[in-house]
Amino acid sequence: MTCLTQEDFAQVLQAAWIYAQEECERTGTILELRFTTLGLTVFNADALCTRNATVSWAELARSEDIARLFAKVIRRVAEQPSLTSALFAEKEKLAA
């Protein structure tokens, strides 16, 4: 990360946001990206705070490919099964 200029880092963050929007379209999961005291945290806006992942400040500082790191974390949250769909599937199974 040390070789990135402020402008480069802003472009990486914009790419992460665009990727989160693409994952939203692909999976139907609404994702939020937030800077927290822990680092960059990806939240599933549809879930009860159980579906999230954080890239720590230390990981960001050590990373050679921040965009790839962000994409991995975004994908991990987007692809986790949602509580709502799990409850719906269980209800359907019981009704059958």
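The values are calculated or read from the model by the stated rules, or taken from the named source; none is laboratory data. The shown structure was predicted, so the numbers you read here are calculated from the model rather than taken from an experiment. Because the Cβ atoms are built from the backbone with ideal geometry, glycine has one as well, and the counts that use them run over all protein chains shown. Protein only, heavy atoms only, side chains kept; ligands, DNA and RNA dropped before computing areas. Shrake-Rupley method; radii C 1.70, N 1.55, O 1.52, S 1.80 Å.
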Self-check item: Mean separation of Cα contacts under 8 Å (6+ apart) over length of region 1-62, as relative contact order %
Solution: 24 percent
Quiz item: Around Cys24, with a cut-off of 13 angstrom between Cβ atoms, what is the net charge of the other residues, counting Lys and Arg +1 and Asp and Glu -1?
Solution: -4
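Of Ile74, Ile18, which has the most accessible area and how do the rest follow, probe 1.4 Å?
Numbers: Ile74 0, Ile18 75 Å².
Ranked list, largest accessible area first: Ile18, Ile74.
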